[in-house]
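Here the structure is laid out as structure tokens; the discussion comes afterwards.
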Amino acid sequence: MDDVVKVTDVTKVYTMGDQRVEALKGISFSVRRGEFVAIMGASGSGKSTCMNMLGCLDVPTGGEYLLEEVNVGKLSGNELAEIRNRKLGFVFQGFNLLARTTARENVELPLVYARIPAAERREKALAALAQVGLAGREDHYSNQLSGGQQQRVAIARALVNDPSIIMADEPTGNLDSRTSIEIMSIFQQLNRRGITILMVTHEPDIAAYTGRHLIFRDGLIISDTPNANPHTAEVPRGETP
Amino acid sequence: MTTLWQSLLIAMRALRVNKMRALLTMLGIIIGIAAVIAMVAIGAGASKMISDQISSMGSNLLLVLPGSTTSGGLRSGSGGAPTLTYDDARAIKAECPSVAEVAPTVRGSAQVVYGNQNWSTIVLGTTPDMLTVRDWPVFAGRNLSPSDVDGALKNCIIGQTVADNLFGDADPIGKIIRIKKIPFTVVGLLDRKGQSPQGTDQDDVVFVPLRTAQRKLFGSQFPNTVGAMMVQAKDAAVLDQAQEEVTALLDQRHRIGPARERDFTVRNLSEIMAVAEQSSRVMSILLGSVASISLLVGGIGIMNIMLVSVTERTREIGIRMAIGAKQRDILLQFLTEAVLLTTVGGIIGMGLGVVGAMVVSKLMDWPTLISSTAIIIAFLFSAGVGVFFGFYPARKAASLNPIDALRYE
Ligand SMILES: Nc1ncnc2c1ncn2[C@@H]1O[C@H](COP(=O)(O)OP(=O)(O)O)[C@@H](O)[C@H]1O
Ligand SMILES: [Mg+2]
């Protein structure tokens, strides 16, 4: 019923010169509002390709992708930008913060492109930073922060515009296991508040914190299983670095 | 509006990160605009100087010279044979309705002596009308009078250069100087006039009564002849008409006809002025094109560095696009950066150009004229260079694919 994401027979073909790479060979699945899904699979199996398409950074070659009932394949570049800005939040493996820019300014960026006035931007950015446990670090430059802190700034940036879905491509890939658990704890808190989260990971212990596992192989989904007892990522408060 | 402001903030931040590079990039524009401003100032100053010099000759002037313009072979050239007379001059003044004044001249050079000072200068025999025609006031004393001319009295008025050389700071009025050993009383000192368009010192002159010059200084076998005559028309509108009247009258008086070639020439000084203005305009166009080329080179420099900047910041562009920047946001951001570079460069260039023009004017004693129009045009032009040369790199940035940009290492 309340499917935020509905993917039907989606294919993606990359052509480089006369070489054709079929990165997605026809995948179908749906995600209901409020789910926390892990997308797993070996390297090169098409996880990132799928995420980029779900995140409206790219459009499918074939098939249909409905995001909150909107057929994304038919939208223009500007309309896709609008959707990325208002409905989606991205978290990348490499953090992807702007250099020489403070945490608060990084978090404000989606609001700048949403044409939100400065005072309101500031307020929302501070609230988002507080949610990821970075109150007091607002004016640190991104290069003055640890990896885990940078990823938390990225999460704050992803959630600042109240998105329907957060897309995270290997968000813990560059972090140690303790910091990874902190990040998962934040994701679980956001998910409990009703935000749908799609996360790529190839680590089973990270996937264990999610409620559903989609496994890719060679551009196809080979298994789709619910995780009845997700682990709870609890990090004692106050111990966060 | 907020987006433009945001783009400006982002652009300023980007330029601050690479201060040295921004400065080097701007250098082309700085030099170009400085050159434009300085050259326009110098060119405008030069043409003002030329037109000042020309108007210092007097306004609405005709020059009547003895001799034929079409002379060739063995005939003497313009200004050669003494064919004009004082009677011609008086006839022109009496009979040509468009003529206001006529100043006939007899010209020679002579040694003038006062005490133990001597100075070699131009001595010009003329009538009191000369100062009216040349629009040349007396600084001290008085002009020559009609009775000085009629009585061939030995009175004279002297230019500032002559006064400086003979008298220094002393008052020359009433002193006796010797011209070709003949004593003359200095009755007037002329105002300072400066250089003529030909570059001669107009103040290096002594005016004596026409009759005195004819009879006592430059006596010849034709005692009544004059050299050149300066004729002033009543106003600019009748200048051409005055030229025709003078020509017709002299034709009649000299019995010029099919059998007798014209033995005088009437020239219009405004033609000379037009030539001078034409050449200063050509000069300005030349200077302007040199400056435009340096602006063009500066603009290409901007384009080059903007392309480098787009490539370097591909990942940043990808991040901005992923979180919702539209193509036009990215376009505006890079365009703003290019325009900021060129306008800041333009402003610095304007400052340097103004300073440069002032230095030239001080060191080389060359007048400069800094016009606000030139400054406004230069500013708009530098912004225009930014838009023009920034557009291609900005469009390249805006048309990047978000994933390719994000994946760029
Ligand atoms: N931009 C691209 N151009 C060409 N081939 C690509 C591109 N992106 C991914 N691929 C190919 O598509 C396949 C799936 O890649 P990807 O989705 O990145 O896998 P994963 O994220 O699961 O490691 C790989 O074979 C990869 O080489
Ligand atoms: Mg991947």
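What the Kirkwood sum gives for the stretch A:1-156 is a hydrodynamic radius of 17.5 Å, with every pair of different alpha carbons counted. The modelled label-to-label distance between residue A:75 and residue B:253, using points 7 Å beyond Cα along the C-beta direction, is 9.6 nm.
Close amide H partners of residue A:75, meaning residues 5 or more places away or on another chain with modelled amide H under 5 Å apart, do not exist here. Label separation (residue A:68 vs residue B:4): 3.2 nm, computed from points 7 Å beyond Cα along the C-beta direction. Here the simple spin-label model places points 7 Å from the Cα toward Cβ, and for residue B:138 and residue B:260 these points are separated by 3.9 nm. Taking the Kirkwood radius as Rh and the Cα radius of gyration as Rg, the stretch B:82-262 has a ratio of Rg/Rh equal to 1.00.
With all projection directions averaged, the alpha carbon convex hull of the stretch B:274-409 covers 10.1 nm².
The angle between the Cα long axis of helix A:118-131 and the main principal axis of chain A comes to about 80°, on a 0 to 90 degree scale. Going by a ≥ b ≥ c, the root eigenvalues of the Cα gyration tensor, does the stretch B:174-217 fall in the rounded group (a/c under 1.5), the prolate group (a/b larger than b/c) or the oblate group? Prolate, since a/c reaches 1.5 and a/b exceeds b/c. Under a model in which nothing but the beta-carbon of Lys, Arg (+1) and Asp, Glu (-1) is charged, chain B shows a dipole of about 960 debye around its Cα centre. Kirkwood-type hydrodynamic radius, the stretch B:135-235: 14.6 Å, calculated from all non-identical alpha-carbon pairs.
If you take the charge dipole of the protein assembly as shown about its Cα centre, with +1 on Lys and Arg Cβ and -1 on Asp and Glu Cβ, which of B:64, B:340, B:284 is farthest toward its positive end? Going by the Cα projections, it comes out as B:64.
Largest first, the three principal axis extents of the alpha carbons in the stretch B:86-150 are 49, 24, 20 Å in whole numbers.
For the stretch B:87-97, putting each phi into the Karplus relation 6.51 cos²θ - 1.76 cosθ + 1.60 with θ = phi - 60° gives couplings of 5, 4, 4, 5, 5, 4, 5, 6, 10, 9, x Hz, in residue order, rounded to whole numbers and with x for Gly and Pro. From largest to smallest, the equivalent ellipsoid semi-axes obtained for the stretch B:255-302 from the alpha-carbon gyration tensor read 50, 9, 5 Å. Against chain B, whose longest principal axis comes from its Cα atoms, helix B:19-56 is set at around 20 degrees.
Given the stretch A:84-241, what whole percent of its Cα pairs are spread farther than 26 Å? Tail fraction, whole percent: 25.
Counted over the stretch A:151-225 with a bin width of 10 Å, the fraction of Cα pairs per bin, in whole percents, is 17, 53, 27, 3. For the stretch B:36-187, the square roots a ≥ b ≥ c of the C-alpha gyration tensor eigenvalues yield an a/c of 1.5 or more together with a/b not exceeding b/c, which makes the shape oblate.
Taking θ as phi - 60° and the Karplus parameters 6.51, -1.76 and 1.60, the scalar couplings of the stretch A:107-114 work out to 5, 6, 3, x, 6, 4, 6, 8 Hz in sequence order, x denoting glycine and proline. Residues whose amide H falls under 5 Å from that of residue B:100, counting only those 5 or more places apart or on a different chain, are B:232, B:233, B:234, with hydrogens built in the peptide plane.
Our helix-only sum for chain A, with -39,500 (n - 2.57) per DSSP H run of n ≥ 4 divided by its residues, gives a mean residue ellipticity at 222 nm of -9500 deg cm²/dmol. Enumerate the whole-percent occupancy of each 10 Å bin, from 0 to the last occupied one, for all C-alpha pair distances of the protein assembly as shown. Result, from short to long distances: 3, 12, 16, 13, 9, 7, 7, 6, 7, 8, 7, 4, 1, 0 percent. The value of relative contact order for chain B, using C-alpha pairs under 8 Å at least six residues apart, is 29 percent. The tail of the calculated P(r) for chain B, taken as Cα-Cα distances beyond 31 Å, holds 58 percent of the pairs. Close amide H partners of residue A:59, meaning residues 5 or more places away or on another chain with modelled amide H under 5 Å apart, do not exist here. About its Cα centre, the stretch A:1-122 has a charge dipole of approximately 380 debye under the convention of +1 per Lys or Arg Cβ and -1 per Asp or Glu Cβ, with nothing else charged.
For the stretch A:99-206, the Cβ-based charge dipole about the Cα centre amounts to some 340 debye (Lys, Arg positive; Asp, Glu negative; other atoms uncharged).
Rounded to the nearest 10 degrees, the inclination of helix B:2-17 to the longest alpha-carbon principal axis of chain B is 90 degrees.
For the stretch B:369-376, 3J(HN,Hα) computed residue by residue from phi via the Karplus equation (6.51, -1.76, 1.60; θ = phi - 60°) reads 9, 8, 9, 5, 4, 4, 5, 5 Hz, glycine and proline entered as x. Between B:378, B:163, B:325, the GNM of chain B built on Cα springs shorter than 10 angstrom shows B:325 fluctuating the most. For the stretch B:21-49, no residue has its backbone nitrogen under 13 Å from a point 7 Å from the Cα of residue B:289, taken along Cα to Cβ.
Taken together, the values in this text are just the output of simple stated rules run on the coordinates, not laboratory data. Given the structure is predicted, the values throughout are model-derived calculations rather than measurements. With ideal geometry, Cβ positions are generated from the backbone for all residues, glycine too; neighbour counts draw on all protein chains shown.
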